[in-house]
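As structure tokens, the structure follows; a few thoughts come after it.
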Amino acid sequence: ELRLHLRYGPDPVLVGKAQGLLQGYEDQQEPFVGRVRGLLTLAQGNPGAALAQLAGNDPNAALYRSWASLELRDPKTALADAELALVGRPKSVAASLAKAQARAALEPEGMALLDAAFEAHPNHPRVRFVYAQALLDAGQLAKAEEVAAAFESAPSPVPSFQASTLQLRARISNAQGNAAQALRLLHQAKELNPSDLNAPLELVAILLATG
């Protein structure tokens, strides 16, 4: 459930369930407990503390460290851990994506690497999300809109991730100068995931900019 949160989150329901499952394991030192504890810390928005909890060469621990390092904008460390995760799980889409994200931040041909990642897994929702965000960041708005449009025709069954895709599409619309469309999408995101403050903050920012 925590992995769902991190791939498709934020989802406070999944985080709450994970917290409940960890009760009673606070003093246990087994590696799997440390991995879950570190993953929970990462899901709660503290990647630095998560790194301290995610020890060892287990593929899952390495993947979670890679995610944490990406959040900390440390692509070199993220790349090393993504490659370590792929040694143990060479077919892991999550680790392959983390590797592509890290390399994209380190190498001049970064967008080409993400192009290849998307071409390899065009139907994977997290890959599509990361790719569309990268296109937006690169100013390739028309292509970003095209890639993100698939979320409208095939919405996610996970409400929090669907809300995140609506926010992404809103950012693309706003960058294209379509504030009305952006506001509509952000209102939909807010209804789907009312506990997430990002959509209301983006709504206020657009209203202030256009008011």
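The values are calculated or read from the model by the stated rules, or taken from the named source; none is laboratory data. Computed from a predicted model, the values in this text were never measured in an experiment. Here Cβ is always computed from backbone atoms with ideal geometry, including for glycine, and neighbour counts include all displayed protein chains. Keep in mind that these areas ignore ligands, DNA and RNA; they rest on the heavy atoms of the full protein, side chains included. Shrake-Rupley method; radii C 1.70, N 1.55, O 1.52, S 1.80 Å.
Structure data summary
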{"read-out": "Test: residue in segment 146-154 that is at pLDDT below 95 and β-branched (V, I, T)", "value": "no"}
{"read-out": "Of the criteria (1) under 17 Å from A100 (Cβ atoms); (2) loosely packed, with under 15 Cβ neighbours inside 10 Å, which one L135 fails", "value": "(2)"}
{"read-out": "Set Q181, Q167: member being open to solvent by 20 Å² or more (accessible area, probe 1.4 Å), at pLDDT 95 or above and in a helix (DSSP H, G or I)", "value": "Q181"}
{"read-out": "Yes/no for K91 being outside any helix (DSSP H, G or I) and charged (D, E, K, R)", "value": "yes"}
{"read-out": "Filtered residue count, segment 73-93, keeping only those that are of a type in the set (G, A, S) and surrounded by fewer than 21 Cβ atoms within 10 Å (Cβ to Cβ)", "value": "3"}
{"read-out": "Close pairs from segment 184-211: first within 17 Å of S156 (Cβ to Cβ) and assigned to a loop (DSSP other than H, G, I, E, B), partner of a type in the set (G, A, S) and modelled with pLDDT of 90 or more, Cβ under 6 Å, at least 6 apart", "value": "N193/A163"}
{"read-out": "Pairs where the first residue, in segment 27-48, is open to solvent by 80 Å² or more (accessible area, probe 1.4 Å) and at pLDDT below 80 and the second is in a helix (DSSP H, G or I) and hydrophobic (A, V, I, L, M, F, W, C), C-beta under 9 Å, 6+ apart", "value": "P31/A61; Q44/V15; Q44/A50"}
{"read-out": "Answer residue from segment 147-164, given it is in contact (Cβ under 8 Å) with a residue 12 or more places away in the chain and among the polar types (S, T, N, Q) and is most open to solvent (accessible area, probe 1.4 Å) among those", "value": "Q162"}
{"read-out": "Of the criteria (1) within 14 Å of A100 (Cβ to Cβ); (2) of a type in the set (D, E, K, R); (3) surrounded by fewer than 16 Cβ atoms within 10 Å (Cβ to Cβ), which one R128 fails", "value": "(3)"}
{"read-out": "Candidates S173, S96, filtered to the one that is among the hydroxyl-bearing types (S, T, Y), in a helix (DSSP H, G or I) and buried (at least 22 other Cβ atoms within 10 Å of the Cβ)", "value": "S173"}
{"read-out": "Residues that are surrounded by 14 or more Cβ atoms within 10 Å (Cβ to Cβ) and under 18 Å from the mean Cα position of the chain (by Cα), drawn from segment 191-201", "value": "L192, N193, D196, N198, A199"}
{"read-out": "Residue check, L70 out of contact with any Gly (no Cβ under 6 Å at 6 or more places or on another chain), in a helix (DSSP H, G or I) and open to solvent by less than 40 Å² (accessible area, probe 1.4 Å)", "value": "no"}
{"read-out": "Evaluation of R169 against (1) under 29 Å from Q44 (Cβ atoms); (2) among the basic types (K, R); (3) over 17 Å from the mean Cα position of the chain (by Cα) (one fails), failing number", "value": "(3)"}
{"read-out": "Verdict on I206 being open to solvent by less than 30 Å² (accessible area, probe 1.4 Å) and over 28 Å from P122 (Cα atoms)", "value": "yes"}
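Results for (1) on the phi > 0 side of the Ramachandran plot; (2) among the hydrophobic types (A, V, I, L, M, F, W, C); (3) modelled with pLDDT of 95 or more, shown as yes or no for each residue.
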{"residue": "D115", "(1), (2), (3)": "no, no, yes"}
{"residue": "Y131", "(1), (2), (3)": "no, no, yes"}
{"residue": "L141", "(1), (2), (3)": "no, yes, yes"}
{"residue": "V158", "(1), (2), (3)": "no, yes, no"}
{"residue": "N193", "(1), (2), (3)": "no, no, no"}
